[in-house]
Amino acid sequence: MSAAPRDHASNPPIPELICELCRLFYQHGWVSGTGGGISIRGPEGIYMAPSGVQKERLQPEDIFVLSDRATGEHDCEVVRAPASGLKVSECRPLFFNAYRLRDAGAVMHSHSVWAVLAARLFAPQGGPGEFVCQGLEMQKGLRGMGCFDTLRVPIIANTPRESQLTASMAEAMLAYPDVDAVLVAGHGVYVWGRDWVQAKTQAESFDYLFRAVVESHRLGLPLGGA
């Protein structure tokens, strides 16, 4: 089992850090079957894991670097590409939503089963909706959130291709400026933060909250929130 990522005082180079985090996320069940991904803003631009690969087997030389001036799906200039012929992540325009609209330092995309079930619980038909919880201590792991506050996370409908989520994700982000996540029905969740440490902290906190609410529902306990 790989070691946990080192803290911000001893960061490895960003490509190594992305590989390290992908191995950790694989252990969480967030990036199974080539799904999910991560990107981190760095001095050369946006570092991003490639598409359609086993994330737990990534090597630093597999990581793309994209210009941080890109504003959409088709203008993500590749600054440095792997020699292996890998593809740029299908998630790239969604990652860039967080960089453009929230000035994020890192974005994480999880295919966690708890995110999928949480979205299904609050939007059972797979359409837009809102995940709600209240009174859980792990809410403190989220930006500006206390344990007795009411957390509301937008849910957007899934699309055949990931890049087709770009507009609806951006709309949800603008409608919910105080939350750093968007759930995608039947798919997973996007989470971001000012740097990789905050993004990781929030991704883990959201996943805990999704699981707590789903299990509460299964046990017939009150869900909390309104």
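Numerical summary
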quantity: ³J(HN,Hα), Karplus 6.51/-1.76/1.60, whole Hz, each residue of segment 175-183, x for Gly, Pro; calculated: 7, 10, x, 9, 10, 10, 7, 9, 7
quantity: With at most 13 neighbouring Cβ atoms within 10 Å, loop GluC sites (Glu not before Pro) (DSSP) excluded, longest segment of the chain; calculated: 78-226
quantity: R0 of 30 Å, Cβ-Cβ distance Val79-Glu171: FRET efficiency to nearest 0.05; calculated: 0.55
quantity: Euclidean distance of C-alpha centroids, segment 147-195 and segment 74-110, integer Å; calculated: 16 Å
quantity: Bins of 10 Å, starting at 0 and running to the largest distance - Cα pair percent for the chain; calculated: 8, 36, 37, 16, 3, 0
quantity: The chain, accessible surface, carbon-and-sulfur percent (1.4 angstrom probe); calculated: 52 percent
quantity: Qualifying chymotrypsin sites (Phe, Trp or Tyr not before Pro) in segment 112-178, DSSP loop, other Cβ atoms within 10 Å at most 16; calculated: Phe148
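The values are calculated or read from the model by the stated rules, or taken from the named source; none is laboratory data. The structure presented is a predicted model; accordingly, all values stated were derived computationally and were not measured. Cβ atoms come from the backbone with ideal geometry, glycine included; neighbour counts cover every protein chain shown. The protein model used for the area step is the full one, side chains on, heavy atoms only, and it has no ligands, DNA or RNA in it. Shrake-Rupley method; radii C 1.70, N 1.55, O 1.52, S 1.80 Å.
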